[in-house]
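The values are calculated or read from the model by the stated rules, or taken from the named source; none is laboratory data. No experiment lies behind these values; they were computed from the predicted model shown. Every residue, glycine among them, receives a Cβ derived from its backbone with ideal geometry; neighbour counts consider all protein chains shown.
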Amino acid sequence: VRHVSSRHPQTTMLCRCHLFCLWCVTSHKLVVVPDAHGDRQALEASLQLAGVPSRDNLTHNLTVVSLGDSVDRGPDSLGCYDLLESVQALCLLGNHDWINLLGVDPKHLFAPFVGDLQQFTDWEGRQREFSRDGRLGRWIRQNFEIAALLPRPWHRRELPPVTAAATLLVHAGISHRTAAGYRDFAALSAEGRIALQRSLEGDDSGLNEGLFHEVLQMRELAYGKERQVCPDLLGTLKHFGAARLVVGHTPQPSGRASVRCDGRLILLDVGMSRWLRNMQAPDKSPRPAALHLEYDGPDGFESLTFARISYPDGSFSALSTQSKDFEL
């Protein structure tokens, strides 16, 4: 550069500008929305809290993640799925999405949770839509994941600092024992993707494996004592190279997200659907929330520059990007 500078100052200026621009585009925004359960209005409000634009104004440096369970309880499952598709969300499979892929009829254990029957005419039409032959069933099988690690694993196989951007996301949780059974996160993710692809081809056996049962249904991380939960969680994070785990699945009674294990675990399911507490007498207003992270830095070294959980009353939980622990 010094050589070019002495002979071609204008070229040097252009090079510096390009380098500056390349650094700028590494700044990225990650928005995570919790379980919507058939309430499109709640999902819309959640996206708005984090400033997610409409389809026509989406930017390349924005990633939206849904923690799953767009279906059941509320009457507008299709509206929730359509909205997530319109903002190009990375959709994680929730236990309700999963159970509906396997088939729910009037006698099924999950039948009482079905609040969207009118969108499908009848039970047969609903089952057909979630099957591998239905538009919705194909879309879920082709596009949903059982987990995500964004933006990517930490550059070393060690526990990253809590200020690192590397964020593991699953619907319900994962134990260290299960995580350690995979070489790395990519191997776990591949198993889930293969199972969904095989389901699309007519083989649902992979959907009934233990991995799906655990990551879609466990509640130990939400209910267990921290002296037991946190060491196990740290083992999982270290193995995968993630700074934190974000889950939905278990509604928080306060209507606000819970943060455990010194900021390493975020329980984001705030029960935002109006139909969650009582399907026959829904709440008047949804209770949305959204996790909003911003980060920059080279691949594998990304660090948080902004982190908060926002609520509709204008309040928020600011997560520290400076110290070792998140401050609520």
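Selection of the range 102-124 for residues being touching a Lys or Arg at 6+ places or on another chain (Cβ under 7 Å) and either without any contact (Cβ under 8 Å) to a residue 60 or more places away in the chain or part of a helix (DSSP H, G or I) (or both) yields PHE113, LEU117, PHE120.
Say we look at the range 48-101 and pick out the residues that are outside any loop (DSSP other than H, G, I, E, B) and of a type in the set (Val, Ile, Thr); which of these is nearest to TRP123 (Cα to Cα)? Break it down into steps so the answer makes sense when it comes.
Here is the first cut: in the range 48-101, the residues outside any loop (DSSP other than H, G, I, E, B) are 48-49, 55-57, 62-66, 77-86, 90-92, 95-101.
If we keep only those that are of a type in the set (Val, Ile, Thr) as well, we get 63-65, 99.
Details: THR63: 35, VAL64: 32, VAL65: 30, ILE99: 15 Å.
Filtering first and then ranking leaves ILE99.
Among the residues of the range 85-108, those identified as in contact with a helix residue (DSSP H, G or I) (Cβ under 8 Å, 6 or more places away or on another chain), among the aliphatic types (A, V, I, L, M) and more than 11 Å from LEU67 (Cα to Cα) are VAL87, LEU101, LEU102, VAL104.
Of the listed requirements (1) crowded, with 18+ Cβ neighbours inside 10 Å; (2) touching a residue at least 12 places away in the same chain (Cβ under 8 Å); (3) touching a helix residue (DSSP H, G or I) at 6+ places or on another chain (Cβ under 9 Å); (4) part of a helix (DSSP H, G or I), ALA45 misses just one: (3).
Any chance the range 279-288 includes a residue that's out of contact with any helix residue (DSSP H, G or I) (no Cβ under 7 Å at 6 or more places or on another chain), under 26 Å from ASP39 (Cβ atoms) and in a strand (DSSP E or B)?
First, pick out the residues of the range 279-288 that are out of contact with any helix residue (DSSP H, G or I) (no Cβ under 7 Å at 6 or more places or on another chain): 279-285, 287.
Remaining after also requiring under 26 Å from ASP39 (Cβ atoms): 279-285, 287.
Next, from what is left, pick out any that are in a strand (DSSP E or B): none.
No, every residue in the range 279-288 fails to be out of contact with any helix residue (DSSP H, G or I) (no Cβ under 7 Å at 6 or more places or on another chain), under 26 Å from ASP39 (Cβ atoms) and in a strand (DSSP E or B).
Taken together, the residues in the range 295-312 that are surrounded by fewer than 22 Cβ atoms within 10 Å (Cβ to Cβ), farther than 27 Å from GLN41 by Cβ and among the charged types (D, E, K, R) amount to 2. Mind counting the residues in the range 276-294 that are surrounded by fewer than 24 Cβ atoms within 10 Å (Cβ to Cβ) and either touching an Asp or Glu at 6+ places or on another chain (Cβ under 7 Å) or among the acidic types (Asp, Glu) (or both)? Total meeting the criteria: 3.
Contact annotation: residue pairs with Cβ atoms under 8 Å, 6 or more positions apart or on different chains, pairing a residue in the range 302-328 that is modelled with pLDDT of 55 or more and outside any loop (DSSP other than H, G, I, E, B) with a partner that is loosely packed, with under 15 Cβ neighbours inside 10 Å and among the acidic types (Asp, Glu), are ALA318/GLU327.
I'd like to know if the range 134-152 contains one or more residues that are part of a loop (DSSP other than H, G, I, E, B), under 22 Å from the mean Cα position of the chain (by Cα) and over 21 Å from ASN95 (Cβ atoms). Within the range 134-152 (the criterion being part of a loop (DSSP other than H, G, I, E, B), under 22 Å from the mean Cα position of the chain (by Cα) and over 21 Å from ASN95 (Cβ atoms)), the answer is yes, since at least one residue qualifies. Does GLN228 fit the bill of being more than 16 Å from the chain's Cα centre (by Cα), under 26 Å from ILE99 (Cβ atoms) and of a type in the set (S, T, N, Q)? Spelling it out, it is not the case that GLN228 is more than 16 Å from the chain's Cα centre (by Cα), under 26 Å from ILE99 (Cβ atoms) and of a type in the set (S, T, N, Q).
If you check ALA179 against the conditions, is it crowded, with 19+ Cβ neighbours inside 10 Å and either of a type in the set (Lys, Arg) or farther than 25 Å from TYR295 by Cα (or both)? Considered against the rule, which asks whether it is crowded, with 19+ Cβ neighbours inside 10 Å and either of a type in the set (Lys, Arg) or farther than 25 Å from TYR295 by Cα (or both), ALA179 comes out as yes.
When you scan the range 59-68, do you find a residue that is on the phi > 0 side of the Ramachandran plot and in contact (Cβ under 8 Å) with a residue 40 or more places away in the chain, even just one? Lay out the reasoning, then the answer.
First, pick out the residues of the range 59-68 that are on the phi > 0 side of the Ramachandran plot: 68.
Those left that are additionally in contact (Cβ under 8 Å) with a residue 40 or more places away in the chain: 68.
Yes: the range 59-68 contains one or more residues that are on the phi > 0 side of the Ramachandran plot and in contact (Cβ under 8 Å) with a residue 40 or more places away in the chain.
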